[in-house]
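Each value in this text was obtained by applying a stated rule to the coordinates, not by laboratory testing. Since we're looking at a predicted model, the values are computed, not measured. Note that we place each Cβ from the backbone using ideal geometry, even for glycine, and neighbour counts take in every protein chain shown.
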Amino acid sequence: MEEQRKAVRRMQDYISEHITEDIDIGDLARQSSFSPWYARKLFIKYLGMTPAVYIRRLKLSKSALRLRDENCQIIDVAMDMGFGSVDGYQRAFRREFGCNPKEYSASPVPVWLFTPSLIIDKERNVSNMSEIRNVFIQVIEKPARKVIIKRGINATEYWSYCKEVGCDVWGLLTSIKSISGEPVCLWLPKELRNPVTNEYVQGVEVEEDYSGKVPEGFEVIDLPAAKYLLFRGEPFAEEVFESAIAEIWEAEKKYNPEFIGYKWDDSNPRVQLEPRGERGYIELVPVKDI
């Protein structure tokens, strides 16, 4: 069973590294060390879709971000992402996102980007989290801003939120251009919870004067300018991400902000960034002057 999971992960890694190229089942079979027939069967078993669908959806999502962020021609994006023709690319884009790529490029709207879940290889580069590791802390300031959020009901952390709302929300949030460069997770103070049990949400920070489209089922909250202590751990192997998060939580509990002239600010949300092993786990805890 574990060997099958490793094979699927190797195929996922190959796709990610070669997404702008033509990828066929033979390429993936060689990565998996199984026959093309069995590699395809494993892919469907663990990821719920064929390799062709997975590759197409990932290509389209990456192309959408290019159209949103770059001043580029549709034909260039289509060719760079390995589509055989502009017409074929446009049809695929419309089927995936419900709009024409030219229209989207001119006026980006929130779309459901494909954000695949990676199979975890438990034996891959597992670091010893018990060794002495550094936690970096710095003061940052966030401007007054709006946050487009999707609420749950009783969610207090990522897994309970996914159970209530669904993990695919992240793809939609990623499609909305953020002033911080990426979506965020928030632990809301009591005055921002509705219902009162709704503590943990996912959202995207936008300009204070944002007037763009808000997806159905989402809402906008206003947050004031605030100071934060940014806690960042060392890079970690993704298989031990829970330990990396616990490491930062323990550092936050032990740290006394009075050493640098601040105290904790319970009126602003705590902010969690997506755990990415290559940069270390990051949280922002609000503070105010003593």
query: With a Cα-only, solvent-free Debye model of the stretch 135-289, what are the log10 I(q)/I(0) values at q = 0.13, 0.15, 0.17 Å⁻¹?
result: -0.60, -0.82, -1.06
- line: The cysteines in the chain that find no other cysteine Cβ closer than 4.7 Å to their own Cβ are CYS72, CYS99, CYS185
message: Name the residue from ASN100, LEU58, TRP37 whose Cα lies farthest towards the positive end of the charge dipole of the stretch 2-106, charges +1 on Cβ of Lys and Arg and -1 on Cβ of Asp and Glu.
response: TRP37
query: Of MET1, THR115, VAL285, which is farthest along the charge dipole of the chain in the positive direction, counting Lys and Arg as +1 and Asp and Glu as -1 at C-beta?
result: MET1
field: Estimated dipole of the chain in Debye, rounded to 20 [Cβ of Lys and Arg +1, of Asp and Glu -1, Cα centre]
entry: 720 debye
query: How large is Rg/Rh for the stretch 167-258, to two decimals, with Cα atoms and a Kirkwood Rh?
result: 0.98
message: Can you give me the long-range amide H partners of VAL287? Hydrogens built in the peptide plane at 1.01 Å from N, cutoff under 5 Å, separation of 5 or more residues or another chain.
response: LYS227, TYR228, LEU229, ASP265
query: Dipole of the stretch 135-289, Cα-centred, from +1 at each Lys and Arg C-beta and -1 at each Asp and Glu C-beta, to the nearest 20 debye?
result: 280 debye
query: In terms of the Cα gyration tensor, with a ≥ b ≥ c the square roots of its eigenvalues, is the stretch 1-72 rounded because a/c is under 1.5, prolate because a/b exceeds b/c, or oblate?
result: prolate
message: When the expected Rg is taken as 2.2 N^0.38 Å, what fraction or multiple of it is the alpha-carbon Rg of the stretch 1-127?
response: 1.15
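May I ask you to sort PHE136, PHE241 by Cβ crowding, counting other Cβ atoms within 10 Å and putting the fewest first?
Numbers: PHE136 12, PHE241 15.
Least crowded to most crowded, the residues run PHE136, PHE241.
Starting with the fewest neighbours, write out GLU208, GLU238 ranked by other beta-carbon atoms found within 10 Å of each beta-carbon. Present the calculation step by step, with values, prior to reporting the outcome.
Details: GLU208 13, GLU238 16.
Ordered by Cβ neighbours within 10 Å, fewest first: GLU208, GLU238.
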- prompt: Mind listing P(r) for the chain? All alpha-carbon pairs, 10 Å bins, whole percents.
  reply: 6, 23, 30, 26, 13, 3, 0
- prompt: With r defined as the distance between the Cβ atoms of GLU191 and LYS254 and R0 fixed at 35 Å, what FRET efficiency is calculated, to the nearest 0.05?
  reply: 0.80
